[in-house]
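Single-structure report; data block below.
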Amino acid sequence: ADEMGLGKTLQVLSFLDANKGFGKTLVVCPASLVYNWYQEVQKFAPDLKAVTIIGAAAEREDAMKQADQADILITSYNLLKKDMEFYQDKTFTVEIIDEAQYIKNAGTMASKAVKDINAKFRIALTGTPIENRLSELWSIFDFIMPGFFFSYHRFRSTFELPIIRDKDTYAELMLQKMIRPFVLRRLKKDVLKDLPAKV
């Protein structure tokens, strides 16, 4: 949950590069970031072979033929939904979702698609605060660790309503304690002292 511009992509690529050869990675991000991810792999982890699965159906089919030789597959949320048949029989060691707020609504097809991927380890990246709405937090954790917060109905009655409606500080403290081990949170003001305050 680092703020924008603090190197979340670089941190993840360092992790993947240090563990190369351990299996395939799937990166799901907004369409506008697919090429950025590809370029970052080329720049910071050139030993890893990345393939972008984007474009028209024929282009994606060609890219899918190269998937077996790739270390990292990069696609968008929208195309992942369209290509689920291709991903259904695949097992990924790591699945990364960038701009994780895309799955803030657990009922959307994009949210269901990323959660349907068979992955052993999952990472959710966001440059925006994850405390916007507590339902977003539930959906992101449901992707990372399904069942950690039980059902949304139970999460809502245990945390969301007491915190939002009743201003229950105990419920808020318990929620903070539960998520703290799993959230790396850096703010620009803590990392880059020379930056002016955000307006």
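Assorted remarks:
- Residues with amide H under 5 Å from that of ARG122, placed H, sequence gap 5 or more: GLU95
- A full extension of the chain between ALA106 and ARG186 corresponds to an added length of 26.2 nm, given 0.36 nm per residue minus the alpha carbon distance.
- For ASP83, net neighbour charge (Lys/Arg +1, Asp/Glu -1) across residues whose Cβ lies under 11 Å away: +2
- The helix-only estimate of mean residue ellipticity at 222 nm for the chain, built from DSSP H runs of length n ≥ 4 each weighted as -39500 (n - 2.57), is -11000 deg cm²/dmol after division by the residue total.
- Peptides 181-191, 80-90, 98-108 ranked from most to least packed, by the mean per-residue count of other Cβ atoms within 10 Å: 98-108, 80-90, 181-191.
- At the residue level, GLU160 shows approximately 20 square angstrom of accessible surface with a 1.4 angstrom probe and all protein chains present.
- Short to long, the 5 Å bins of the Cα pair-distance histogram for the chain hold 1, 7, 15, 18, 18, 15, 11, 7, 4, 2, 0 percent of all pairs.
- Residue-normalised accessible area of the chain, given per residue in Å² at a 1.4 Å probe: 56 Å²
- Our coupling estimate for segment 74-90, obtained by passing each phi through the Karplus curve with A = 6.51, B = -1.76, C = 1.60 and θ = phi - 60°, is 10, 9, 9, 4, 5, 6, 4, 4, 5, 9, 4, 4, 5, 7, 4, 9, 9 Hz, Gly and Pro reported as x.
- Extension gain, LYS20-ASP168: 0.36 nm per intervening residue step, less the Cα-Cα distance, totals 48.8 nm.
- Cα long-axis angle, helix 8-18 against the chain (0 to 90 degrees, to the nearest 10): 60 degrees
- Dimensionless Rg/Rh of segment 56-96 - Kirkwood Rh, Rg from C-alpha atoms: 0.91
- GNM top mover of ILE96, ILE163, ILE53 - the chain, alpha-carbon springs below 10 Å: ILE163
- Given LYS43/LYS112; LYS8/LYS177; LYS90/LYS177; LYS24/LYS189; LYS82/LYS189; LYS90/LYS189, the pairs whose alpha carbons are separated by over 30 Å: LYS43/LYS112; LYS90/LYS177; LYS24/LYS189; LYS82/LYS189; LYS90/LYS189
- Carbon plus sulfur fraction of accessible area for the chain, probe 1.4 Å, in percent: 54 percent
The values are calculated or read from the model by the stated rules, or taken from the named source; none is laboratory data. What you see is a predicted model, and the numbers here were worked out from it, not measured in a lab. Glycine gets a Cβ as well: all are built from the backbone with ideal geometry, and neighbour counts include every protein chain shown. All accessible areas refer to the heavy atoms of the entire protein, side chains included, with ligands and DNA or RNA removed. Shrake-Rupley method; radii C 1.70, N 1.55, O 1.52, S 1.80 Å.
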